[in-house]
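Novice: For reference, the structure I am asking about is given below.
The values are calculated or read from the model by the stated rules, or taken from the named source; none is laboratory data. Predicted, not measured: the structure shown is a model, and the values here were computed from it. Here the Cβ is made from the backbone with ideal geometry for all residues, glycine too, and neighbour counts use every protein chain on show. To get the accessible areas, we keep the full protein, side chains included, count just its heavy atoms, and leave off ligands, DNA and RNA. Shrake-Rupley method; radii C 1.70, N 1.55, O 1.52, S 1.80 Å.
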Amino acid sequence: DCYYRMMDEFVQAVFNRYPKVLLQFEDFSSDKAMDILNRYRHKYCVFNDDIQGTGAVAVAGILGALRVQQKPPEDLKNQRYLIAGAGSAGIGVAKALVDTMVLEGMSREDAYNKFWICDINGVLRSSNELNEAQKPFGKSDETAGLSPLECARMVKPTVLLGLSACRGAFSEDLIREISKYCERPVIYPLSNPISVAECTNKEAIQWSEGRAIFASGSPFQPIEYNGKTYVPSQCNNMYIFPGLGFGAAVSQSKIVSDKMIHAASIAVAEMVTEEESQNGMVFPELNRIREVSQHVALKVALCSVKEGYARNETLKSISDEEEFKGYLLSKTYDPVYVPLVRKEFRHV
């Protein structure tokens with residue numbers, strides 16, 4: 001229709017004028033965001049932060065939680081995921097996790113079976129009313145249509161992800177139910193802002209009796225519970241898109257591939273220190289965000305070169321990783337300015 005014809009014209013014009021640019025899609029409506037991304041992602045260097053960025057940072061957060069639980073990264077495919085929110089962000093997160101499981105050797109069908117995704121009517125039911133992105137996650141068994149609490153009682157999820165923008169979606173009953181059989185339940189209310197977060201840090205910690213591994217899309221303050229301080233992590237796309245965008249742009253990548261996005265997730269998880277992990281944090285401290293972004297950019301650019309998508313001939317010719325890193329640092333913008341000295345003008 002005319003909407004997609006307009007988009008085609010715009011995207012073609014951008015890449016005709018700037019053939020090595022990275023084009024980011026932001027805040028497109030849920031009914032069109034995935035279609036637009038899939039329309040261009042295999043032809044142009046495009047990226048949707050709401051879908052791919054949120055998915056990538058969620059994968060990094062799950063890897064961080066496994067580290068807190070002293071489990072290997074491969075255990076990601078052994079978790080059971082209950083997701084509140086079936087829009088583009090919720091489906092994007094689920095797809096990113098599925099892609100990660102497939103990279104770990106699981107079949108795509110088996111990976112889809114690890115997810116129960118709820119909208120306002122409960123767990124997605126297989127039907128023609130689902131869009132193309134939702135269909136692989138639709139259920140035709142006894143879980144179809146169940147509420148999150150009913151689903152939790154039946155399938156015993158180990159990971160609870162919130163992308164519903166519905167305050168209170170993670171009820172006390174739901175969190176207590178999951179905490180019955182999970183020693184360290186993973187509870188991530190990822191909706192922004194705080195007013196629409198599915199639960200708060202305080203609620204998750206209190207209702208799980210201090211056992212929840214918590215991260216949120218919105219910033220929450222540390223809390224005290226039973227004499228212990230709990231410092232929440234912020235599961236925010238800021239850990240992904242600056243470094244991913246920089247790595248893709250500097251390498252002049254033809255596209256942003258699934259493996260490049262996965263490399264960004266791994267890179268973020270690698271930056272969590274042992275001390276941070278021991279304190280229950282699943283993301284690095286925000287005061288290290290620049291260092292994190294540089295590491296993400298390095299891994300993304302390396303992946304682009306390895307996959308054959310990079311068009312930067314200088315970068316492609318570098319075989320030493322430290323030299324590669326140095327090249328990226330030389331292209332990094334540093335917001336330091338020469339001080340200005342005011343001088344009085346004198347007419348000669």
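Novice: Let me confirm something: among 52, 70, which residue is in contact (Cβ under 8 Å) with a residue 40 or more places away in the chain and either more than 20 Å from residue 238 (Cα to Cα) or touching a helix residue (DSSP H, G or I) at 6+ places or on another chain (Cβ under 7 Å) (or both)?
Specialist: Of the residues listed, the single one that is in contact (Cβ under 8 Å) with a residue 40 or more places away in the chain and either more than 20 Å from residue 238 (Cα to Cα) or touching a helix residue (DSSP H, G or I) at 6+ places or on another chain (Cβ under 7 Å) (or both) is 52.
Novice: Residue by residue through region 138-149, note down the ones that are open to solvent by less than 90 Å² (accessible area, probe 1.4 Å) and part of a loop (DSSP other than H, G, I, E, B). Give the derivation first.
Specialist: So in region 138-149, the residues open to solvent by less than 90 Å² (accessible area, probe 1.4 Å) come out as 138-139, 141, 143-149.
Passing the criteria: 138, 141, 143, 144, 145, 146, 147.
Novice: Now, a different point. Being more than 19 Å from the chain's Cα centre (by Cα) and acidic (Asp, Glu) is the requirement here; does residue 104 meet it?
Specialist: no
Novice: Go through 313, 344 for me and flag whichever is at pLDDT 95 or above, more than 28 Å from residue 59 (Cα to Cα) and either open to solvent by 40 Å² or more (accessible area, probe 1.4 Å) or touching a strand residue (DSSP E or B) at 6+ places or on another chain (Cβ under 9 Å) (or both).
Specialist: Checking each option against the conditions leaves just 313.
Novice: When you check residue 294 against the structure, is it in a helix (DSSP H, G or I), polar (S, T, N, Q) and open to solvent by 30 Å² or more (accessible area, probe 1.4 Å), yes or no?
Specialist: Spelling it out, residue 294 is indeed in a helix (DSSP H, G or I), polar (S, T, N, Q) and open to solvent by 30 Å² or more (accessible area, probe 1.4 Å).
Novice: Given the criterion out of contact with any Ser or Thr (no Cβ under 8 Å at 6 or more places or on another chain), hydrophobic (A, V, I, L, M, F, W, C), without any contact (Cβ under 8 Å) to a residue 24 or more places away in the chain and not in a helix (DSSP H, G or I), identify the matching residue among 336, 272.
Specialist: Just a single option satisfies the conditions, and that option is 336.
Novice: Is region 319-334 home to any residue that is open to solvent by 50 Å² or more (accessible area, probe 1.4 Å), of a type outside the set (D, E, K, R) and in contact with a strand residue (DSSP E or B) (Cβ under 9 Å, 6 or more places away or on another chain)?
Specialist: No, every residue in region 319-334 fails to be open to solvent by 50 Å² or more (accessible area, probe 1.4 Å), of a type outside the set (D, E, K, R) and in contact with a strand residue (DSSP E or B) (Cβ under 9 Å, 6 or more places away or on another chain).
Novice: Mind listing just one residue for me: the one in region 1-33 that is of a type in the set (Val, Ile, Thr) and under 25 Å from the mean Cα position of the chain (by Cα) and, of those, surrounded by the most Cβ atoms within 10 Å (Cβ to Cβ)?
Specialist: Only one residue fits best here, namely 11.
Novice: For region 192-209, indicate whether the set of residues that are surrounded by fewer than 20 Cβ atoms within 10 Å (Cβ to Cβ) and more than 24 Å from the chain's Cα centre (by Cα) is non-empty. Walk me through it before giving the result.
Specialist: We begin by selecting, within region 192-209, every residue surrounded by fewer than 20 Cβ atoms within 10 Å (Cβ to Cβ); these are 192-196, 202, 206, 209.
Going one step further and asking which of them are more than 24 Å from the chain's Cα centre (by Cα), we end up with 206, 209.
Checked region 192-209: at least one residue is surrounded by fewer than 20 Cβ atoms within 10 Å (Cβ to Cβ) and more than 24 Å from the chain's Cα centre (by Cα).
Novice: Would you pick out the residues in region 150-168 that are under 15 Å from residue 80 (Cβ atoms), open to solvent by less than 70 Å² (accessible area, probe 1.4 Å) and out of contact with any Gly (no Cβ under 9 Å at 6 or more places or on another chain)?
Specialist: 152, 155, 157, 158, 159, 160, listed by residue number.
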